1. Could you list, in sequence order, all residues of segment 25-60 that are open to solvent by 30 Å² or more (accessible area, probe 1.4 Å) and closer than 16 Å to Leu86 by Cα?
2. For the structure I just gave you, tell me whether Ile81 is on the phi < 0 side of the Ramachandran plot, open to solvent by 30 Å² or more (accessible area, probe 1.4 Å), among the hydrophobic types (A, V, I, L, M, F, W, C) and at pLDDT below 80.
3. Within segment 1-24, track down each residue that is at pLDDT 90 or above and open to solvent by less than 70 Å² (accessible area, probe 1.4 Å).
4. Suppose the filter is more than 20 Å from Lys89 (Cα to Cα), hydroxyl-bearing (Ser, Thr, Tyr) and at pLDDT 90 or above; does Tyr32 pass it?
Amino acid sequence: MKMIITPNKFAILIEETVKNKKMSYMDAILWYCEKNGIDPSDSKKLVNKALKEKVTYEAQNLNLLNVDKVPQLPIWIRFEIYKVYLAIKLHFT
């Protein structure tokens, strides 16, 4: 039976994951998607405003987004960019 999850419940689960596993919001969302067989591009429906702001803040700190003007890229593209960033980082460490 497939569990139906609301954006607010998703945000709570991600917050708990960030706190308990000591990972970033982007990592927590990707981890949740992988664990539950969800394509990260489908998670955009689950990201509420508060969670989106936290992910945007992280992306800005990682220089994935321009601080002066946030591009109008869908959030799932930002996750894909972050996944590539992590793959490159892991490869060279």
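1. If the condition is that a residue be open to solvent by 30 Å² or more (accessible area, probe 1.4 Å) and closer than 16 Å to Leu86 by Cα, then Tyr25, Asp27, Trp31, Glu34, Glu58, Gln60 are the ones that fit.
2. no
3. Of everything in segment 1-24, those that are at pLDDT 90 or above and open to solvent by less than 70 Å² (accessible area, probe 1.4 Å) turn out to be Pro7, Phe10, Ala11, Leu13, Ile14, Glu15, Thr17, Val18, Met23, Ser24.
4. In short, yes.
The values are calculated or read from the model by the stated rules, or taken from the named source; none is laboratory data. Keep in mind the model is a prediction, meaning the values are calculated, not measured. To get the accessible areas, we keep the full protein, side chains included, count just its heavy atoms, and leave off ligands, DNA and RNA. Shrake-Rupley method; radii C 1.70, N 1.55, O 1.52, S 1.80 Å.
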